[in-house]
1. Tally time: how many residues in the stretch 253-273 are assigned to a loop (DSSP other than H, G, I, E, B), more than 23 Å from residue 193 (Cα to Cα) and either modelled with pLDDT under 90 or in contact with a strand residue (DSSP E or B) (Cβ under 8 Å, 6 or more places away or on another chain) (or both)?
2. Which residues, counting only those in the stretch 220-252, are modelled with pLDDT under 80 and farther than 24 Å from residue 137 by Cβ?
3. Against the definition (in a loop (DSSP other than H, G, I, E, B) and surrounded by fewer than 24 Cβ atoms within 10 Å (Cβ to Cβ)), how does residue 212 come out, yes or no?
4. Suppose we filter 221, 175 for residues that are part of a strand (DSSP E or B), surrounded by 19 or more Cβ atoms within 10 Å (Cβ to Cβ) and touching a strand residue (DSSP E or B) at 6+ places or on another chain (Cβ under 9 Å); which single one remains?
5. Kindly establish whether residue 16 is more than 21 Å from residue 122 (Cα to Cα) and not assigned by TED's automatic domain parsing to the domain that holds residue 174.
6. Do we find that residue 131 is at pLDDT 95 or above, at positive phi and assigned by TED's automatic domain parsing to the domain that holds residue 104 in this structure?
7. Do we have residue 148 as closer than 17 Å to residue 294 by Cβ, in the same structural domain as residue 57 (by TED's automatic domain parsing) and modelled with pLDDT of 95 or more here?
8. Can you work out which of the residues in the stretch 117-128 that are modelled with pLDDT under 95 and in contact with a strand residue (DSSP E or B) (Cβ under 6 Å, 6 or more places away or on another chain) is surrounded by the most Cβ atoms within 10 Å (Cβ to Cβ)?
């Protein structure tokens with residue numbers, strides 16, 4: 001059996017194109033499994049996985065938990081809000097205490113960029129990064145690419161625009177790495193204040209006019225404005241942001257082509273995207289959610305096969 005080139009999934013920038021292909025092939029198999037009447041396989045019956053979330057998350061945590069249970073793994077959920085972290089315990093001590101209960105794999109979300117990398121060097125378990133600050137969110141980027149592949153047959157050569165708050169978005173960074181690795185053309189679009197200065201060094205174009213960006217792309221990935229990560233105001237008002245960078249059905253219909261609309265969630269309906277777009281035939285938002293379980297099953301399965 002083919003194997004991943006890595007023992008952890010810390011970020012897209014640490015994996016290669018072959019890894020992505022292998023994850024997608026494995027996800028194809030698991031997608032069949034989760035659409036059967038019996039949705040479980042006994043594959044990881046002897047593996048214990050701890051989900052450690054130091055930041056709030058609903059969809060990612062549920063998606064990982066479902067993926068783990070579909071693979072018959074034993075699952076331990078840990079939320080930092082109700083833990084000894086609040087009493088000043090260090091990250092390594094927290095995780096080592098959990099690992100001493102014989103946990104094989106840790107899925108971690110943490111507000112600090114690089115937390116997963118730091119942890120992988122200090123603990124004896126396989127680490128999956130479920131989002132670290134504004135740095136990376138690798139499984140989200142994988143499920144986004146997988147959803148594009150499902151709709152368009154291939155990611156290579158496709159034009160993808162990522163719209164919105166690029167500066168604070170781990171989804172944007174992981175998506176850029178994943179899409180470029182697979183040969184897609186990538187542009188970002190948003191207020192100049194929300195586009196990082198270094199972005200073009202990643203081989204990405206910048207387009208500040210949303211209409212031009214939509215005329216160019218096959219896929220538009222709409223990001224939420226991350227107010228919780230902003231300590232200053234990056235644009236005059238939400239209303240003005242929506243007028244310039246929000247997508248509504250009228251705008252979409254005025255561009256005479258079938259663009260795929262994606263969103264990593266949670267959606268701020270009426271800000272970056274209106275309900276009639278989010279719920280339209282061009283939207284693959286719910287497909288992304290379904291694909292998220294299959295992709296996370298694939299990642300967990302492939303990493304677990306390296307533990308045994």
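The values are calculated or read from the model by the stated rules, or taken from the named source; none is laboratory data. Keep in mind the model is a prediction, meaning the values are calculated, not measured. All Cβ positions, even for glycine, are placed from backbone atoms using ideal geometry, and neighbour counts span all protein chains on display.
1. First pass over the stretch 253-273, keeping only residues assigned to a loop (DSSP other than H, G, I, E, B): 255-259, 263-268, 270-272.
Now restrict to residues that are more than 23 Å from residue 193 (Cα to Cα): 255-259.
Still in the running and either modelled with pLDDT under 90 or in contact with a strand residue (DSSP E or B) (Cβ under 8 Å, 6 or more places away or on another chain) (or both): 256, 259.
The qualifying residues number 2.
2. Across the stretch 220-252, the qualifying residues are 233, 236.
3. On the way: in a loop (DSSP other than H, G, I, E, B): no; surrounded by fewer than 24 Cβ atoms within 10 Å (Cβ to Cβ): yes.
No: the conditions fail for residue 212.
4. Details: 175 fails: part of a strand (DSSP E or B).
Within the list 221, 175, the selection yields 221.
5. Details: more than 21 Å from residue 122 (Cα to Cα): yes; not assigned by TED's automatic domain parsing to the domain that holds residue 174: yes.
In short, yes.
6. Values: at pLDDT 95 or above: yes; at positive phi: yes; assigned by TED's automatic domain parsing to the domain that holds residue 104: yes.
The answer is yes for residue 131.
7. Working: closer than 17 Å to residue 294 by Cβ: yes; in the same structural domain as residue 57 (by TED's automatic domain parsing): no; modelled with pLDDT of 95 or more: yes.
No.
8. Restricting to residues being modelled with pLDDT under 95 and in contact with a strand residue (DSSP E or B) (Cβ under 6 Å, 6 or more places away or on another chain), the top hit is 119.
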